[in-house]
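Structure, as structure tokens:
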Ligand code: GLC
């Protein structure tokens, strides 16, 4: 809802660089001290939430369901992209605001599901590429206040995160905005000339980011560009970083603020969707990942990943110092899809028993055979080495001399070890693999 016209005009001045504020801005360091990212490195597991007007359509429009190759750009499962991909006209799409009424929204239960799953932070799409804001925005009328629901969706979610001790952040589409007359469009559409984009940037993108920080004090901001040509030059990237640093001394920024050229001042790297690096990275990092093929809820996308596979991605990332940001796409009425909830609970049950090998751990740095991941942890009892066995095997050889006892975390079952020179061979009893979930061993280094 637009209320503050004068402050916005002032903002324009501030960020086009002709007011006293510039002095303040130059004094702000673009880099946050590294210790501010410590919580993120320790978090390991977070919940991503894609929710907006597109959730109403559930991946289908006018008798067509994504992916649909009868449209030039229809070959995608991503239901939040339905507008340009299934060519929904602007007025039809934007009128969905008149239907959005998530009467069953219960942010407390969302956050409880996240917490019970073992997740330590949550990131929600405050505004996706369609331009629609889930909060009461004074910058744009294309927001939740102009829906039958008419109440801010972000504020109570933030409250619930605080109540349950989760960090929280916002996905904000700073570059693409399909509703704003000057916002960037998909690459197969018109390319905004720089002057037009600059108008959007000053009028909507920067002011809304400032608004999000001032209203909600997020722990991180999740910007989105990938390897297309974008309008986000290094100057704009730094202008946005400067804005965030000016209004927050804690808010982390992801590398997708400018995927091709994130620079040195971002706080963590964002992998491509569902992609898992093969080597250690110099900065903190995470993989954003889907449970279905789509991010937003897609009623006909039955490609739900099993919890066991998602746990494997999680431990793969943990063993290389990265986080796993697992997405849930709520339905338009505000409920979480049953397949998502079941998977979250299964993952939480596994982590309840095996979480000591994930939380508070770091990569072991030891080369492991295929299908085995490892972490290490200093405890009051000594140095622990954890092995995650993701497939049946008769033995595993660890390139280190292990001492003391080695046992299965869940059951306490001891396993035999033989040290040969500088390696240890661990013999694995067959009965271990009657259970096809990941088996965790705890050994002493
Ligand atoms: C891509 C998609 C977007 C999704 C994001 C999540 O950038 O465009 O729809 O939000 O990935 O990682």
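The values are calculated or read from the model by the stated rules, or taken from the named source; none is laboratory data. It should be emphasised that the depicted structure is a prediction, and the values quoted were computed from it without experimental measurement. Note that we place each Cβ from the backbone using ideal geometry, even for glycine, and neighbour counts take in every protein chain shown.
The table below lists the values:
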| item | result |
| --- | --- |
| Residue check for residue 354: in contact with a strand residue (DSSP E or B) (Cβ under 7 Å, 6 or more places away or on another chain), buried (at least 20 other Cβ atoms within 10 Å of the Cβ) and assigned to a strand (DSSP E or B) | no |
| Every residue from the range 306-319 that is part of a loop (DSSP other than H, G, I, E, B) and surrounded by fewer than 18 Cβ atoms within 10 Å (Cβ to Cβ) | 306 |
| Conditions (1) out of contact with any helix residue (DSSP H, G or I) (no Cβ under 6 Å at 6 or more places or on another chain); (2) assigned to a loop (DSSP other than H, G, I, E, B); (3) surrounded by 24 or more Cβ atoms within 10 Å (Cβ to Cβ); number of the one not met by residue 169 | (2) |
| For residue 299: the one exception among (1) away from the ligand (no atom under 16 Å from the Cβ); (2) in a loop (DSSP other than H, G, I, E, B); (3) in contact with a helix residue (DSSP H, G or I) (Cβ under 6 Å, 6 or more places away or on another chain) | (3) |
| Test for residue 201: is it more than 21 Å from residue 81 (Cβ to Cβ) and more than 20 Å from the chain's Cα centre (by Cα) | yes |
| Condition broken by residue 149, with the remaining ones in (1) away from the ligand (no atom under 16 Å from the Cβ); (2) touching a helix residue (DSSP H, G or I) at 6+ places or on another chain (Cβ under 7 Å); (3) in contact (Cβ under 8 Å) with a residue 24 or more places away in the chain; (4) not in a helix (DSSP H, G or I) satisfied | (2) |
| Options 227, 182; residue that is assigned to a loop (DSSP other than H, G, I, E, B) and under 20 Å from the mean Cα position of the chain (by Cα) | 227 |
| Search result, residues across the range 218-236 that are in contact with a strand residue (DSSP E or B) (Cβ under 9 Å, 6 or more places away or on another chain) and away from the ligand (no atom under 16 Å from the Cβ) | 218, 219 |
| Among residues of the range 254-296, those that are away from the ligand (no atom under 16 Å from the Cβ) and either outside the structural domain of residue 323 (by TED's automatic domain parsing) or closer than 23 Å to residue 232 by Cα (or both), counted | 7 |
| Top-ranked residue in the range 383-406 [being touching a helix residue (DSSP H, G or I) at 6+ places or on another chain (Cβ under 7 Å) and either outside the structural domain of residue 429 (by TED's automatic domain parsing) or crowded, with 16+ Cβ neighbours inside 10 Å (or both); ranked as nearest to residue 309 (Cα to Cα)] | 390 |
| Set 175, 201: member being within 16 Å of the ligand (Cβ to nearest atom) and either modelled with pLDDT under 95 or buried (at least 21 other Cβ atoms within 10 Å of the Cβ) (or both) | 175 |
| 2 or more residues assigned by TED's automatic domain parsing to the domain that holds residue 252, within 16 Å of the ligand (Cβ to nearest atom) and surrounded by 21 or more Cβ atoms within 10 Å (Cβ to Cβ): qualifying helices (runs of 4 or more DSSP H) within the range 31-118 | 54-57, 82-85 |
| Qualifying position, being at pLDDT 95 or above, part of a loop (DSSP other than H, G, I, E, B), more than 30 Å from residue 112 (Cβ to Cβ) and in contact with a strand residue (DSSP E or B) (Cβ under 9 Å, 6 or more places away or on another chain), among 401, 396 | 401 |
| Any hit, the range 181-190, residues being more than 16 Å from the ligand (Cβ to nearest atom), at pLDDT 95 or above and at negative phi | yes |
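Let's see how each residue does on (1) assigned to a loop (DSSP other than H, G, I, E, B); (2) within 23 Å of residue 328 (Cα to Cα):
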position	(1), (2)
261	yes, no
275	yes, yes
286	no, yes
292	yes, yes
